[in-house]
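Asks: Let me give you the structure first, and then I'll get to my questions.
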Amino acid sequence: MTDVPKPSVQAFLVCDCVIEDSFTKKKSLIGIFTHLQTLTFPFQHPQLGLYFCMTDADGTYHFDIDLVYVNSDRLVCQASLPQIFIGDRLQISDFGINIPALIFPAPGRYEFRLRMDGHVIAQKDFNVIQLSAPPVN
C-alpha cells in the first residue's frame with residue numbers, strides 16, 4: 001500500500017445534530033456547543049453530531065473516532081467510519097456524523113479524537129457539567 005498524504009483538517013465541531021440536504025449536500029449543524037449540563041450521572045445524551053472538513057487529501061482513507069473522558073484518559077466509545085476515497089488534493093471534503101445515545105459516566109472534560117490509520121489528526125474537547133438540584137420548597 002502506498003502512503004497517502006495526511007489531510008489538513010480545517011474544522012472539527014461537535015453539536016446536537018448534523019443535517020445534510022439531499023439535493024445540495026450542504027450540511028446544517030444544529031446546536032453547536034462547548035459544554036453540556038445535567039443534574040445526574042451517568043448522563044445519556046440522546047444524540048451528538050460531529051462535523052469535520054478537510055483538504056490536501058488524495059487516496060483512500062480509513063477514519064476512526066474516539067470519545068475520551070480526559071479526566072481519567074478513559075475511552076468512552078469508539079466508532080469506525082466507512083473507507084472514503086478522495087481523488088484530488090485541492091478538493092475540500094466535509095463529513096457529518098450523528099452518534100445516538102452517548103453515555104457520559106461523570107462530570108468533567110471529554111474529547112472527540114479523529115484518527116487516521118491510528119494517528120490523531122484532529123481533536124475537539126467539551127465539558128459535561130453537573131448542575132445543582134434546585135432547593136425543594
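Asks: Given 0.36 nm per residue, what is the gain on full extension from Asp56 to Gln83 after removing their alpha carbon distance, in nm? Could the numbers behind the result be given before it?
Replies: Working: separation 27, 0.36 × 27 = 9.72 nm, distance 1.68 nm.
The Asp56-Gln83 span can extend by a further 8.0 nm.
Asks: Quick one: longest stretch of the chain between exposed loop trypsin sites (Lys or Arg not before Pro), exposed meaning at most 16 other C-beta atoms within 10 Å and loop per DSSP?
Replies: Details: sites that count: Lys25, Lys26, Arg89.
Answer - 27-88.
Asks: Based on the Cβ-Cβ distance of Val70 and Leu131, what FRET efficiency does E = 1/(1 + (r/R0)^6) give at R0 = 25 Å, to the nearest 0.05? Write down the numbers at each step before the final one.
Replies: Values: r = 20 Å, r/R0 = 0.80.
FRET efficiency, Val70 to Leu131: 0.80.
Asks: Now for a different question. Over its Cα atoms, what ratio of radius of gyration to 2.2 N^0.38 Å does the stretch 1-65 give? Please report the intermediate quantities before stating the final value.
Replies: Working: Rg = 15.8 Å, N = 65, 2.2 N^0.38 = 10.7 Å.
Normalised Cα radius of gyration, the stretch 1-65: 1.47.
Asks: Beyond 22 Å, how much of the Cα-Cα pair distribution for the stretch 8-130 remains, as a whole percent?
Replies: 35 percent
Asks: Moving to a separate point now. Spelling out what I want: for every residue of the stretch 21-33, take phi, set θ = phi - 60°, compute 6.51 cos²θ - 1.76 cosθ + 1.60 (Karplus), and round to whole Hz; glycine and proline get x.
Replies: 5, 5, 8, 8, 6, 5, 10, 10, 9, 9, x, 4, 9
No value in this document is a laboratory result; all are computed from the given coordinates. Just so you know, these numbers come straight off a predicted model, no measurement behind them. FYI the Cβ positions are ideal-geometry reconstructions off the backbone, even for glycines, and counts take in every protein chain you see.
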